[in-house]
Amino acid sequence: MSETMQALLYLPSYDLEVREVPSPRPAADEVLVRVEAAGICGSDLHGVASRSPRRAPPLIMGHELCGEVAGAGGPAGEHLIGTRVAVNPQIPCGDCVSCRSGRENVCAHRELIGGTRPGGFAELASVPLRCVHPLSDRLAADVAVFCEPLATCVHALRLVPDGLVETAVVLGGGTIGVLAAQVLRLAGTRTIVVSELDERRRRSAATIADAVVGPDDVYETTMELTNGVGAGLTVDAVGSDGTRRDSVRALAAGGTTLWLGMHEQDTTIPAFELVVREQRVQGSFAYTNPEFGRALALLESGLIDPGVARQAFPLAESGEVFRRLLEGSSDGFLKAILSPAHG
């Protein structure tokens, strides 16, 4: 194994450059993954654009990754060498009250591969054994990287008190919104409305939803489709002040809104209506390791197809790709995927 590798490095100057860096050395309870593909997440872009402390440079980002186990730090991982794996980037402490109660996703001491430690925007990544999930050879890498955002949706929808939702509204037609709509459809939701500002995303969501509208029309469309009752569930995959207000406004009495997006910190919502109509606001964050496994099973079975326009780029072009995405230019694709193993 080479002593050095190529990686997209997020620098203290807040620039992103492909550089030669030392190859990681896995600990006894870790394996070394040769990265086949790593998705650029909206949270990566937001972290750089806002200079968020959740993405503190210097850092190799990339928390949506898959690849092949190329080495092991100890005997426990040697049997995995040569195995294709999807990587759950969440590393909980395993000892706090949240972890011991099965809510490892809200562990206050958790680490994140690609967030607090080096991630998948590199040729190699060192990851704990508990984080790897074997992949079949038939699952394409550009599909496998969607396991992480899909797991976020699997977890969120398990928080809904009513298992069967007749009508749901999804605010935001990006990766999380499209995947949430697919999980809802799989769960039996009959009518799905997606609200999205961007025309390209609206076209993508139209293959899944019954109605795709702009933000200004989401309330009226929902009321029309439900005979004035409102949706039993709304899912905010954006997290702006406006989408959070819309998520409550479009709800039926007794309905639940799931907040996944984290675009803005503060929000003003119609609290009086929330109280008198007995509506519920439910925050949702990340997922547990078993839920990551469930998401992978959905992809492996073909029950979920990401349905998101995507394009793969070699690692050598990653800095330029990142800059274009930060400027809002995506040339027709909704998801950029880096392929370190292919140059």
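Label Arg100 and Asn227 with points 7 Å out from Cα along Cα→Cβ: what is the distance between them in nm?
5.2
Calculate for the chain the 222 nm mean residue ellipticity that helices alone would give, adding -39,500 (n - 2.57) per DSSP H run of length 4 or more and normalising by residue count, nearest 500 deg cm²/dmol.
-7500 deg cm²/dmol
Please grab the % of Cα pairs in region 1-119 that end up more than 19 Å from each other.
54
If r is the Cβ-Cβ distance from Ala56 to Arg294 and R0 is 41 Å, what FRET efficiency results, to the nearest 0.05?
0.85
Cα extents of region 209-343 along the three principal axes, largest first, in whole Å?
Ordered largest first, region 209-343 gives principal extents of 58, 35, 29 Å.
Could you state the per residue volume, in Å³, of the convex hull enclosing the Cα atoms of region 207-278?
92
How big is the accessible area of Ser23 in square angstrom, nearest 10, if you roll a 1.4 angstrom probe over the protein chains?
That residue has around 20 Å² of solvent-accessible surface.
Sort Val169, Val18 by heavy-atom solvent-accessible area, probe 1.4 angstrom, most to least.
So the residues, ranked largest to smallest area, are Val18, Val169.
Out of Asn88, Asn227, Asn289, any idea which swings most in a Gaussian network model of the chain, alpha carbons joined below 10 Å?
Checking each option, the largest mean-square fluctuation is seen for Asn227.
For region 37-177, report the accessible area per residue in Å² (1.4 Å probe, heavy atoms, rounded to an integer).
With the other protein chains kept in place, region 37-177 gives 38 Å² per residue.
Once ligands and nucleic acids are excluded and a 1.4 Å probe is used, how much of Ile81 is accessible, expressed in Å² to the nearest 10?
90
Please identify the GluC sites (Glu not before Pro) of region 263-343 that satisfy two criteria: DSSP loop assignment and at most 12 other Cβ atoms within 10 Å. Which are they?
Filter output for region 263-343: Glu278, Glu327.
Tell me, what is the per residue accessible area of region 236-339 in Å², probe radius 1.4 Å?
46
Take the eigenvalues of the Cα gyration tensor for the chain, scale each by 5, and report the square roots as semi-axes in whole Å, largest first.
Over the Cα atoms of the chain, the ellipsoid semi-axes are 35, 21, 19 Å.
Quick check: with the 1.4 Å probe, what order do Asp210, Asp44, Asp198 take by accessible area, largest first?
Descending order: Asp210, Asp198, Asp44.
Given the options Ser240, Ala250, Ser284, identify the residue whose Cα lies farthest towards the positive end of the charge dipole of region 227-291 (+1 on Cβ of Lys, Arg; -1 on Cβ of Asp, Glu).
Looking along the dipole axis, the top candidate is Ala250.
If you wrap region 147-230's Cα atoms in a convex hull and average its projection over all directions, what's the area in nm²?
Averaging across all directions leaves 5.2 nm² for the Cα convex hull.
Counting only protein chains, not ligands or nucleic acids, how are Ile176, Ile304 ordered by accessible area (probe 1.4 Å), most first?
The ordering from most to least exposed comes out as Ile176, Ile304.
Considering only protein heavy atoms and a 1.4 Å probe, what is the carbon-and-sulfur percentage of the accessible area of the chain?
50
Quick check: pseudo-label points 7 Å beyond the Cα along Cα→Cβ at Glu327 and Asp217, how many nm apart are they?
Roughly 3.2 nm, to one decimal.
The values are calculated or read from the model by the stated rules, or taken from the named source; none is laboratory data. Because the structure is predicted, anything quoted here is derived from the model rather than measured. Cβ: placed from backbone, ideal geometry, glycine included. Neighbour counts: every protein chain shown. Keep in mind that these areas ignore ligands, DNA and RNA; they rest on the heavy atoms of the full protein, side chains included. Shrake-Rupley method; radii C 1.70, N 1.55, O 1.52, S 1.80 Å.
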